[in-house]
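The values are calculated or read from the model by the stated rules, or taken from the named source; none is laboratory data. Just so it is clear, the model here is predicted, and its values are computed rather than measured. FYI the Cβ positions are ideal-geometry reconstructions off the backbone, even for glycines, and counts take in every protein chain you see.
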Amino acid sequence: MKIAVCGKGGSGKSTVVTLLANQARAGGYRVLVVYSDESNSGLFRMLGFDHPPVPLMELVGGKKSLKQRMAQPSVLAENRILLEDISPQHLVEKDGLRLVSIGKILQSLEGCACPMGVLSREFLKKLVLKADELAIVDMEAGVEHFGRGVETSVDSVLIVVEPPLESVEVAQKIHDLASGIGVKNVWAIINKVPSEETATKLQAELKKRHIDVVGHIHFDADVFSSSLEGKIPEMG
């Protein structure tokens, strides 16, 4: 299964990706986390890695002439991509958890992130997973990636929602866009919940919008504090 984790900026997507990846790994899955957010660079620390992988964008020589370069010999030119096909340079691994990065915006005037969206879409489309493998995609904030068609290459979309109404409105847009391109599994998880009362209100609001809620995560001061170091606390 390939799961895209989406939501408003600051809703806690990377935290949810990390928790989900660790839980799936504990359940016996071989987990691949795909870092598709071209701006935020700290996910590798949250997952416990010392350094990030070399972005897959470097396999095609960077953003320029992406279409032509993807046809040149590399794993990205194949019709099918298996996890073992990705070189250690572009995939870091630790205790059954793997991480690849699509690419990052590193300089001013570098241009838009559209080529990275294309690469995300094509990589996920070609990625072949075995029965015990799971791909979790940390998407950029908002909905622009739907315009690039990235979610046409995933099985499921998980929307991270936090208490402000604007987060619920973004969730509605994500739900509608995902459903509109035929993604059958579209769920929401409520994050940073201060109370059960708030969780109940948000669940009711999302239900009115026909968005299925699979659970909620309470606000945790330890998680907030650890985020200042780019980590999440060890889960007991």
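In segment 40-58, which residues are outside any helix (DSSP H, G or I), of a type in the set (A, V, I, L, M, F, W, C) and buried (at least 18 other Cβ atoms within 10 Å of the Cβ)?
Step one: filter segment 40-58 for residues outside any helix (DSSP H, G or I), giving 40-42, 47-55.
Within this subset, residues satisfying the condition of being of a type in the set (A, V, I, L, M, F, W, C) are 47, 49, 54.
Result: L47, single match.
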Item to complete: Please name all residue pairs, on different chains or six or more residues apart, with Cβ atoms under 8 Å, provided the first residue is in segment 191-214 and is under 15 Å from E162 (Cβ atoms) and the second residue is of a type in the set (D, E, K, R) and not in a strand (DSSP E or B).
Response: N191/E162; K192/E162; V213/K207
Discussion item. So, in segment 179-207, how many residues would count as being touching a Ser or Thr at 6+ places or on another chain (Cβ under 6 Å) and more than 15 Å from V5 (Cβ to Cβ)?
Written reply: 1
Practice prompt. May I ask you to list the residues in segment 1-14 that are over 13 Å from the mean Cα position of the chain (by Cα) and either buried (at least 17 other Cβ atoms within 10 Å of the Cβ) or outside any loop (DSSP other than H, G, I, E, B) (or both)?
Written response: none
Practice prompt. Take the residues in segment 126-152 that are outside any loop (DSSP other than H, G, I, E, B) and in contact with an Asp or Glu (Cβ under 8 Å, 6 or more places away or on another chain), then tell me which one is modelled with the lowest pLDDT.
Written response: H145
Discussion item. Suppose we filter segment 15-39 for residues that are part of a helix (DSSP H, G or I), more than 18 Å from V154 (Cβ to Cβ) and touching a residue at least 24 places away in the same chain (Cβ under 8 Å); how many remain?
Written reply: 5
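Is one or more of the residues making up segment 115-130 on the phi > 0 side of the Ramachandran plot and not aromatic (F, W, Y)?
Filtering segment 115-130 for residues on the phi > 0 side of the Ramachandran plot gives none.
No, that holds for no residue.
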Worksheet item: Restricting attention to segment 125-168, and to residues there that are within 19 Å of I217 (Cα to Cα) and among the acidic types (D, E), which single residue is surrounded by the most Cβ atoms within 10 Å (Cβ to Cβ)?
Response: D138
